[in-house]
1. Tell me which residues, restricted to region 1-36, are among the β-branched types (Val, Ile, Thr) and in a loop (DSSP other than H, G, I, E, B).
2. For region 52-65, enumerate the residues that are buried (at least 16 other Cβ atoms within 10 Å of the Cβ) and of a type in the set (Ser, Thr, Tyr).
3. Go through region 37-51 residue by residue and tally those that are exposed (fewer than 15 other Cβ atoms within 10 Å of the Cβ) and part of a helix (DSSP H, G or I).
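What follows draws every value from the coordinates through simple rules; no lab data is involved. Computed from a prediction, not measured in an experiment: that's the story for all the values here. So basically every Cβ, Gly included, is an ideal-geometry build from the backbone, and we count neighbours across all protein chains shown.
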Amino acid sequence: MKQTIKIKGMHCASCEILLKEAIEEQGVHVLQADYRKGEIAVEMKDGKQREAVEQVIVKEGYTIA
């Protein structure tokens, strides 16, 4: 299931890389991260993974928009 999550606080390509690596550690495939748009597209197996992804985003210091 593909989902796009809006994120506040990404300012550069390093932010994209940091989030991508942290999210992929949860077993979720990151399709695209775009700090300019403030969003990340992911491929998840189910809704439970979205909750885990959102927790990682917040843990890394970003906000779900």
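1. So the first thing to find is which residues in region 1-36 are among the β-branched types (Val, Ile, Thr), and the list is 4-5, 7, 17, 23, 28, 30.
Hit for region 1-36 is 28, nothing else.
2. Passing the criteria: only 62.
3. Summing the residues that are exposed (fewer than 15 other Cβ atoms within 10 Å of the Cβ) and part of a helix (DSSP H, G or I) in region 37-51 gives 3.
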